[in-house]
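Read the figures in this text as sums done on the coordinates, not as results from a lab. If you're wondering where the values come from, they're calculated on a predicted model, not measured in any experiment. Ideal geometry is used to build each Cβ from the backbone, glycine not excepted, and the neighbour counts take in all protein chains shown.
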């Protein structure tokens, strides 16, 4: 497992906060649905950032939102450069985060298993 660098973690946290505000307030792309920034990973050299995005919509709408964010990456990067005190703003790469969806699926499976166990005990 790679070693965690405190500066990279701080930059990632600040990027997440700033991107959330910028996406909400500055982007007006009709392809962009209700998105939430679930996490940011920044490389050690602070040159690249993976931005993990979740949506409340389905998989198809999520891909459209990722495309909208990818096309606006340069604009967002320029706005980040104005808001953050950094020598260079990382390149932004947007990825769909399936962890919330997968967590809900696993929770449903656990609930189903618990319910089946209770029914077996009642019999």
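Given the options 14, 82, 91, which has the most mean-square fluctuation in a GNM of the chain, springs set between C-alpha atoms less than 10 angstrom apart?
Largest GNM mean-square fluctuation: 82.
By per-residue mean of other Cβ atoms within 10 Å, what is the highest-first order of 111-118, 16-23?
16-23, 111-118
Mind computing the radius of gyration and Dmax over the alpha-carbon atoms of the chain? Å is fine for both.
Answer for the chain, Rg first and Dmax second: 18.7, 68 Å.
Subtract the Cα-Cα distance of residue 29 and residue 78 from 0.36 nm times their separation in residues, and report this length gain in nm to one decimal.
Gain on extension, residue 29 to residue 78, equals 15.9 nm.
When only Cα pairs under 8 Å and 6 or more residues apart are kept, what is the percent relative contact order across the stretch 6-98?
32 percent.
Would you calculate a helix-derived [θ] at 222 nm for the chain, using -39,500 (n - 2.57) for each DSSP H run of n ≥ 4 and dividing by the full residue count, to the nearest 500?
-19000 deg cm²/dmol
Restricting to the stretch 6-98, compute how many DSSP beta bridges are antiparallel as a %, nearest 5.
If we restrict to bridges inside the stretch 6-98, about 55 percent are antiparallel.
Pairing the Cα long axis of helix 73-83 with the longest principal axis of the chain, what angle in degrees results, from 0 to 90 and rounded to the nearest 10?
70 degrees
Does anyone have the angle between helix 99-122 and the longest principal axis of the chain? Alpha-carbon axes, 0 to 90°, nearest 10?
10 degrees
Under 10 Å, Cα contacts only: if you run a Gaussian network model on the chain, which one of 59, 105, 41 comes out with the highest mean-square fluctuation?
In this elastic network of the chain, the residue with the biggest mean-square fluctuation among 59, 105, 41 is 105.
Report, to the nearest 10°, how far helix 59-71 tilts away from the longest principal axis of the Cα atoms in the chain, using its own Cα long axis and a range of 0 to 90°.
It works out to around 10 degrees.
Starting from 0.36 nm per residue, how many nanometres of slack lie between residue 43 and residue 105 once their C-alpha separation is accounted for?
Difference between extended and current length: 19.3 nm.
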